[in-house]
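Enquirer: Provided herewith is a single structure, encoded as structure tokens, for subsequent inquiry.
Derivation of every value follows stated rules applied to the coordinates shown; laboratory data play no part. What you see is a predicted model, and the numbers here were worked out from it, not measured in a lab. Here the Cβ positions follow ideal geometry from the backbone for every residue, glycine too, while neighbour counts run over all protein chains shown.
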């Protein structure tokens with residue numbers, strides 16, 4: 001049997017609901033036919049990163065160092081995340097939030113990070129027989145960075161490289177062609193509850209869980225946003241305004257209390273809420289238009305005023 005064969009207590013046991021992905025990876029491990037590069041494709045929050053971590057643990061054959069792997073500080077593991085650039089320093093999303101950085105654009109995997117990957121895979125592993133590179137949200141690479149990664153994927157030498165993406169169409173076809181695709185699916189209701197309970201989030205309201213559409217990670221993220229909205233405001237927006245005065249007051253409060261990102265999330269929440277409660281297509285259409293206008297940088301308070309007046313039937 002291969003030295004890479006999974007043990008009875010496999011790291012994959014901690015992954016919920018991704019049977020097809022795990023079957024494919026276990027088959028590769030059993031046959032000792034590990035591809036130079038893998039494409040983990042599926043919605044965020046369904047277990048892609050957890051599966052990548054479990055796969056890395058097995059590939060590195062270092063079960064005693066599981067803590068180092070979970071902390072992402074194993075010498076033969078390189079975990080790459082999209083970054084913001086601030087004063088010449090690259091910051092992950094968590095680091096940017098902790099530093100109070102005002103984020104005006106989405107983070108991305110930069111060409112400097114791709115060069116680091118190239119250097120990492122060009123050297124022999126320090127402790128294990130191979131090294132592993134994991135790229136989260138690989139679709140965030142600019143074209144120049146993606147092209148720079150191509151040669152590394154062709155000849156990773158001692159490494160296995162895992163690209164995590166929402167779908168294969170989100171990155172260059174030339175990158176896709178160099179990877180073995182591993183599909184990830186959205187979780188069903190029972191699987192969602194299992195993951196949320198294990199993560200200590202069994203108290204998430206059903207409408208927030210439904211909004212996540214089978215992504216436990218998105219449900220947890222949405223719950224944090226849900227909790228950040230004042231209860232008084234949340235109660236107000238879940239009702240059709242009674243008159244123009246109420247609509248204008250709610251619009252003012254939304255604009256005062258919530259930043260633009262949270263306003264956009266609130267629109268998604270309200271669309272799901274009103275559809276489940278009233279099957280109100282007209283409300284969904286008005287909210288769709290509101291999202292479009294806010295995303296185009298139209299003054300949010302004005303957008304909410306018009307939207308809520310329309311929902312109330314006053315204009």
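Enquirer: The conditions are (1) assigned to a helix (DSSP H, G or I); (2) over 30 Å from residue 36 (Cβ atoms), and residue 241 fails exactly one of them. Which is it?
Expert: (1)
Rundown of residues vs (1) crowded, with 16+ Cβ neighbours inside 10 Å; (2) closer than 23 Å to residue 223 by Cβ; (3) touching a residue at least 24 places away in the same chain (Cβ under 8 Å), yes/no style:
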{"site": "273", "(1), (2), (3)": "yes, yes, yes"}
{"site": "281", "(1), (2), (3)": "no, no, no"}
{"site": "285", "(1), (2), (3)": "no, no, no"}
{"site": "288", "(1), (2), (3)": "no, no, no"}
{"site": "294", "(1), (2), (3)": "yes, yes, yes"}
{"site": "297", "(1), (2), (3)": "no, no, no"}
{"site": "310", "(1), (2), (3)": "yes, no, yes"}
{"site": "315", "(1), (2), (3)": "no, no, no"}
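Enquirer: How do the strands (runs of 3 or more DSSP E) wholly within segment 118-203 filter down when requiring 1 or more residues that are touching a helix residue (DSSP H, G or I) at 6+ places or on another chain (Cβ under 6 Å) and more than 25 Å from residue 218 (Cβ to Cβ): which remain?
Expert: Qualifying strands (runs of 3 or more DSSP E): 131-135, 159-165.
Enquirer: Let me ask another. So, residue 267, is that one surrounded by 17 or more Cβ atoms within 10 Å (Cβ to Cβ), touching a residue at least 60 places away in the same chain (Cβ under 8 Å) and assigned to a helix (DSSP H, G or I) or not?
Expert: Details: surrounded by 17 or more Cβ atoms within 10 Å (Cβ to Cβ): yes; touching a residue at least 60 places away in the same chain (Cβ under 8 Å): no; assigned to a helix (DSSP H, G or I): yes.
No; evaluated as a whole, the condition is false for this residue.
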